[in-house]
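Below you'll find the structure, written out as structure tokens, and then a few comments.
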Amino acid sequence: MGWTNCQRKTVLTGDVRAVSAYAVIESDYPQIKEFCERFLNRAEAETACRRIVFTTSLSDQEKQMLSDTLEIQFPIGEEAHIIQTGEEEIRVYSPSFRGLLYGASELARFFAGGSCRQFCFFNSPVCDVRGMKAFLPSRENIPFFRKFIDILAFYKFNTVMLEIGGAMQYQRHPEINEGWIRYCAEMAEYSGKTKKIQDETYPWYKNAIHMENGGGQYLSQEEVRDLVQYCRDRGMEVIPEVPSLGHCDYLLLGHQDLAERADDPYPDTYCPSNPASYELLFDVIDEVVDVFRPSIMNIGHDEYYSIGICDRCCGRDAADLFAQDVNKISDYLENRGVRTMIWGDKLLKNAEVPGAGPFGGAEIRMYTPAFHVKDGKFVGIMPATWPAVSKVKRDTVILHWCWALGEELEEEILNARFPMLYGNFDSYLFPAWKEHADRGGGAMISNWSSLNEVILQRNGIFFNIAYAFRMFWDPAFSDDGFREIQRQVIQDLYVLKNPARKAMHETGSAHPPHVEITWNTDYNPEFEWFVDGVFPEEEKYHMGDVVFLYTDGTSRCVPVLYGENIGYMYADWERCWEDNHASYKVDDRLIGTTYGTRPEQRGGETVYSCLLENPCTDRELEDISVETRGERYGRIQVYQVRKLML
């Protein structure tokens, strides 16, 4: 796999065709039929294909014909796929189920506009791993979780990493789940309480608090097993993430005797010199392995801050503590047939955060508030762990998430001969992908917050996924193409959110099912990422209401939510290089509105189109107006209101 092996070819072979509304889909896989039902646009047309065949086998004659037409060689890769359209029939070929699913995805793209000319198409990927890291959903968000997995499959992702923490039932240790619920409820008192505890309360560095995992509750093992199976049915490799060594608040809530810091009321690091730590951890790992049946597990190990504090660990070498813990867990997993993955920051010697000093595995001077080098109070030294790079087992997969701190940092991992993936991957900010794609085995996008539709939009995850799709599957991808890809992604996501929009037309009916409003605002609150206990607060983002007035005198309100269905009128559309980083920067206010809205430039402003449901279609609509909640929310400018129906 690599850039030179990625191919994307389309050869036009005939006249315009559509897919019949009555087309028969032939496949041995029911999920491919379901996938087509969801994503494939069909039409009532005389020149429509009436049969779609998905197959994993071709005759020698068919292979020769396709080889000549597309100028490719057989056998093709496991995930590669071929689409051949004829007058009455469409054939999709791949040697694997996953490739057939991706063929269905491409078929949906070709016919998104209703019809296209007959064609022959071939595609193979740039990289092996195209992944998404997420928390477990809350129980009420399980239906959306399934929808989200379908979206990942539509963009031809093949890996999902799910952080478990305290969000899955532990039959051997129910105290973990009981403590998790209490802990998350306490942390959810207000947005950002977690940040105050993490960065400002104690004279030591603490890990981020993942109280959004599972919605602050936990799922039963059977519920999680069903989610894992759904992912696999969509061609996903499922990687459980069991935070270990650091980020272990979930383990220690009922086991504070195992904490590295006995005086921390919210301990996040276990003592790696205490055998009882591993008795607990391995019980948890056993249950996770039994539910997931994984081939690989991420055991965390990022942001290991409380090092050599307790009596057992005091005086021990930090790199030895780190490496021995990784290897001990790795050996345990190997005995169960599971490979090991870790986040790679603590193996880096030369990572440095601009304005905050050394990071990762370097020796770090600690301050309170955390990382406030210029104005904070010095509280101690965190010992270096980077020498562990020569002690951790070489088959450990490293998630390199500090790529934006310097392109040279990945050399520290690659020179040590570790297999590497790019973690916390921000596709639209990542530079020189063509040069980097062959170096790692792929990339993993991350959402460190609730798995729900609003948060994923506001954190730019939908945009990130759709942009990464071009990087993962198109050999013509170039950094210079940002603006055109940005335009395509914005349009694609709006249709993905509102699949019926293309078939809608304006109506003069007094009972329109939908209304599309084009608007913007001069309200411009400071942008924030919704991660680690920071969540949208109604007082900040509910800036007004769309009022539907009916002829019977009743009315209904739909909230105007900044960043969700309306955006800032002076958003910046350009991408530029970020000073002191190895990455680009963009206007996150714009990126976070895509999917829920369709932003576009008009003159010197940005306007946002948003599709709203009429709350009462059984009543006669008299008027639609927009009201703000007060002067602090600025002005809402409405450019167009369109009544729509199918």
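The values are calculated or read from the model by the stated rules, or taken from the named source; none is laboratory data. These numbers were taken from a predicted model, which means no experiment stands behind them. Neighbour counts are summed over all protein chains in view; Cβ atoms, including those assigned to glycine, are modelled from backbone coordinates with ideal geometry. All accessible areas refer to the heavy atoms of the entire protein, side chains included, with ligands and DNA or RNA removed. Shrake-Rupley method; radii C 1.70, N 1.55, O 1.52, S 1.80 Å.
Residues in the stretch 595-636 near a label at Ala500, defined as backbone nitrogen under 11 Å from the 7 Å Cα→Cβ point? 613-614, by backbone N distance to the label point.
Over the stretch 381-535, Cα pairs under 8 Å with separation of 6+ residues give a relative contact order of 18 percent.
Within the same chain, aspartates and glutamates fewer than 8 places from Lys133 are excluded, and of the rest, those with a Cα less than 16 Å from its Cα are Asp150, Glu163, Glu212, Glu237, Glu241, Asp302, Asp426, Glu453, Asp532. Both radii are taken from the alpha-carbon atoms of the stretch 8-112; with Rh as the Kirkwood radius, Rg/Rh is 0.94. Which entry in (1) 206; (2) 221; (3) 169 matches volume of the Cα convex hull per residue in Å³ derived from the coordinates of this structure? Label (3) holds the value from this structure.
Across the stretch 335-471, C-alpha contacts under 8 Å between residues 6 or more apart give a mean separation that, scaled by the residue count, equals a relative contact order of 19 percent. Rounded to the nearest 10 square angstrom, Val626 shows an accessible area of 50 square angstrom against a 1.4 Å probe.
Legend: residue pairs Lys196/Lys349; Lys374/Lys585; Lys349/Lys585; Lys9/Lys434; Lys328/Lys349; Lys9/Lys497, Cα-Cα distance threshold 21 Å; pairs beyond threshold, Lys196/Lys349; Lys374/Lys585; Lys349/Lys585; Lys328/Lys349; Lys9/Lys497. Accessible surface computed residue by residue for the stretch 378-447, with neighbouring protein chains in place and a 1.4 Å probe, gives 34 Å² per residue. Modelled this way, with points 7 Å down the Cα-to-C-beta line, the labels at Val373 and Glu408 are 1.6 nm from one another. Take every DSSP beta bridge whose two residues both sit in the chain; close to 60 percent of them are antiparallel. Computed over the chain, the per-residue total of -39500 (n - 2.57) for DSSP H runs of n ≥ 4 gives a 222 nm mean residue ellipticity of -8000 deg cm²/dmol, rounded to 500. Ranked by the mean number of other Cβ atoms within 10 Å of their residues, highest first, the peptides 232-240, 469-477 come out as 232-240, 469-477. Using R₀ = 51 Å, calculate the FRET efficiency as 1/(1 + (r/R₀)^6) where r is the Cβ-Cβ separation of Thr628 and Lys391; round to 0.05. With R0 = 51 Å, the Cβ-Cβ based efficiency is 0.30. The residues of the stretch 593-646 present an accessible area of 54 Å² per residue when probed at 1.4 Å with all protein chains retained. Coupling constants for the stretch 440-456 follow from the phi torsions by the Karplus curve (6.51 cos²θ - 1.76 cosθ + 1.60, θ = phi - 60°), and in residue order they are x, x, x, 8, 9, 6, 10, 10, 9, 7, 4, 8, 9, 4, 5, 5, 4 Hz; glycine and proline get x.
Once you have a ≥ b ≥ c as the square roots of the Cα gyration tensor eigenvalues for the stretch 98-225, tell me rounded if a/c is under 1.5, and otherwise prolate or oblate according to whether a/b is larger than b/c. Since a/c reaches 1.5 and a/b is larger than b/c, the shape of the stretch 98-225 is classed as prolate. A Förster distance of 41 Å, applied to the separation of the beta-carbon atoms of Glu222 and Glu26, puts the FRET efficiency at 0.75.
Mean separation of Cα pairs under 8 Å and 6 or more residues apart, divided by the residue count, gives the chain a relative contact order of 12 percent. Rounded to the nearest 10 degrees, the inclination of helix 30-39 to the longest alpha-carbon principal axis of the chain is 70 degrees.
In this structure, Met65 and Glu435 have a Cβ-Cβ separation that, at R0 = 41 Å, corresponds to a calculated FRET efficiency of about 0.65.
Here the peptides 354-367, 400-413, 10-23 are ranked by packing, the mean other Cβ count within 10 Å, and the order with the highest first is 400-413, 354-367, 10-23. Placing +1 on each Lys and Arg Cβ and -1 on each Asp and Glu Cβ, with no other charges, gives the stretch 278-324 a dipole about its Cα centre of roughly 120 debye. For the chain, with all protein chains in place and a probe radius of 1.4 Å, 46% of the accessible heavy-atom surface sits on carbon or sulfur.
Spin-label model, Arg417 to Glu37: label points 7 Å out along the Cα-to-beta-carbon direction sit 5.2 nm apart.
When nucleic acids and ligands are ignored and a 1.4 Å probe is applied, Lys391 ends up with an accessible area of around 80 Å².
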